[in-house]
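What follows draws every value from the coordinates through simple rules; no lab data is involved. All figures in this text were calculated on a predicted structure; none of them were measured in a lab. Counting neighbours? That spans all protein chains shown, and the Cβs are built from the backbone with ideal geometry, glycine included.
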Amino acid sequence: MPGVDLLGRVAREVRADLNAARQRDPAARGVRAIEMLATWPGIQALLVHRLAHALHGAGVPVLPRTLAFAARTLTGIEIHPAASIGEGLFIDHGSGVVIGETASIGNGVTLYQGVTLGGTGFSTGKRHPTVEDNVTIGSGAKLLGPITIGHGAKIGANSVVVIDVPPNATVVGVPGHPVRVDGRRVEGPDADWIHLPDPVADAMRVLSARVAELERMVGEREGEPPSPNGAETNGHPLRPVQGRNPAGG
Ligand SMILES: CC(C)(COP(=O)(O)OP(=O)(O)OC[C@H]1O[C@@H](n2cnc3c(N)ncnc32)[C@H](O)[C@@H]1OP(=O)(O)O)[C@@H](O)C(=O)NCCC(=O)NCCS
């Protein structure tokens with residue numbers, strides 16, 4: 001019977017969500033399932049979402065969105081009924097979590113409060129992130145667009161991630177960038193973003209020096225005394241020597 005099958009599936013998923021909370025929330029040790037169902041916002045939002053998603057998949061109108069709205073009002077967690085969520089999601093604290101319509105979440109994922117799995121604009125179709133298995137996303141992190149977060153990745157609190165994240169990487173910052181991959185520190189020649197090479201300034205400096213040398217040679221031939229002001233013949237520095245670098249920092 002479809003209704004019984006649907007309820008059975010929802011019950012199995014909710015049991016997996018409860019187990020995930022027990023394993024990953026130190027505060028849940030020794031707390032009974034009934035108490036968690038009554039007082040853990042992440043569990044409540046997921047329970048309602050499991051039901052709303054099943055009804056949405058069965059083509060039931062209005063009710064799935066109404067359930068999602070009720071869960072949002074109660075918990076501060078907004079999950080679109082169409083969002084696909086694997087087994088054992090744990091949403092810690094929860095308030096401010098937003099999971100968009102075309103988001104897809106694998107198994108064993110952990111989200112902290114304030115996480116957004118959102119779109120970047122008004123595009124249609126697949127426009128929200130795909131989060132693979134065993135990913136952890138820190139509080140306040142924003143993951144935007146149809147990007148893929150590889151399995152086992154960690155996203156630092158308050159990061160803004162707009163490009164794909166490789167598996168087992170740790171990504172932090174705005175914009176989010178990998179600082180660890182497979183536990184190893186990420187090094188690169190462009191790690192110093194403030195003192196980037198400036199090839200145009202380098203070329204101007206060389207030309208300026210050659211002009212000064214030519215002027216000196218012509219002056220010598222014509223018997224002119226060398227310029228008393230070396231700075232004039234050598235040209236002005238292309239960047240102020242003192243004060244803040246306008247490139248930032
Ligand atoms: C990213 C995170 C998962 C740590 O992952 P990790 O793989 O253990 O990485 P590390 O702690 O070794 O940190 C790696 C580097 O990123 C930096 N970093 C870590 N988290 C960061 C963050 N949120 N923002 C900016 N930089 C961060 C560290 O200082 C370190 O820098 P270094 O390479 O210069 O030493 C963790 O810092 C985090 O943000 N967790 C979220 C926790 C959370 O939201 N809790 C809410 C509870 S209510």
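Give a residue-ordered list of calculated ³J(HN,Hα) values for segment 113-130 (Karplus: 6.51 cos²θ - 1.76 cosθ + 1.60, θ = phi - 60°; whole Hz; x for Gly, Pro).
These are the phi-based 3J(HN,Hα) values: 4, x, 7, 10, 10, x, x, 10, x, 10, 5, 10, x, 5, 9, 10, x, 10 Hz.
Sort Phe69, Phe122, Phe90 by Cβ crowding within 10 Å, fewest neighbours at the top.
Phe122, Phe69, Phe90
So what are the ³J(HN,Hα) numbers for segment 167-173, from phi and the Karplus equation (6.51, -1.76, 1.60; θ = phi - 60°), rounded to whole Hz, Gly and Pro as x?
These are the phi-based 3J(HN,Hα) values: x, 6, 9, 10, 10, 9, x Hz.
For the chain, modelled as a Gaussian network with Cα springs under 10 Å, which listed residue fluctuates most, Pro199, Pro129, Pro146?
Pro199
With runs of 4+ DSSP H residues as the only contributors, calculate the mean residue ellipticity of the chain at 222 nm using -39,500 (n - 2.57) per run, divided by the residue total and rounded to the nearest 500.
-11500 deg cm²/dmol, from helical runs alone.
For the chain, with only Lys/Arg (+1) and Asp/Glu (-1) charged at the beta-carbon, what is the dipole magnitude about the Cα centre, in debye rounded to 20?
Computed about the Cα centre, the dipole is about 1140 debye.
When the convex hull of the C-alpha atoms of segment 91-132 is computed, what volume per residue in Å³ does it have?
Expressed per residue, the convex hull around the Cα atoms of segment 91-132 is 63 Å³.
Could you check how many percent of all C-alpha pairs in the chain are farther apart than 31 Å?
Taking all Cα-Cα pairs of the chain, the fraction more than 31 Å apart is 44 percent.
Sort Asp17, Asp182 so that the residue with the fewest other Cβ atoms within 10 Å of its own Cβ comes first and the one with the most comes last.
Least to most surrounded, the residues fall as Asp182, Asp17.
Amide H to amide H, which residues 5 or more places from Ala169 or on other chains are under 5 Å from it, using H placed in the peptide plane?
HN-HN under 5 Å from Ala169: Ala153, Lys154, Asp182.
Counting pairs of alpha carbon atoms under 8 Å apart in space and at least six apart in sequence, what relative contact order in percent does the chain give?
9 percent
For segment 79-211, what's the radius of gyration and Dmax over Cα atoms, in angstrom?
Considering segment 79-211 through its Cα atoms, Rg and Dmax are 19.1, 71 Å.
Based on the mean of other beta carbon atoms within 10 Å per residue, what is the order of 201-213, 168-180, 37-49, most packed first?
37-49, 168-180, 201-213
Extension gain Val4-Val174, at 0.36 nm per residue separation less the Cα-Cα distance, in nm?
Extra length available between Val4 and Val174 comes to 56.6 nm.
Would you list Glu187, Glu220 from fewest to most Cβ contacts within 10 Å?
Result, fewest neighbours first: Glu187, Glu220.
Using a Gaussian network model of the chain with C-alpha springs under 10 Å, which one of Ser139, Ser159, Ser123 is most mobile by mean-square fluctuation?
Checking each option, the largest mean-square fluctuation is seen for Ser123.
For Arg127, list long-range residues whose amide hydrogen, built 1.01 Å from N in the peptide plane, is under 5 Å from its own amide hydrogen.
For Arg127, whose amide H was placed from the backbone, the distant partners under 5 Å are Thr102.
Any chance you could run the full-extension gain for Leu37 through Val186? It's 0.36 nm times the residue separation minus the Cα-Cα distance, nm to one decimal.
Difference between extended and current length: 49.5 nm.
Taking H placed 1.01 Å from N in the peptide plane, check which residues at least 5 places from Ile91 or on another chain put their amide H under 5 Å from its amide H.
When sequence neighbours closer than 5 places are left aside, the close amide H contacts are Leu111.
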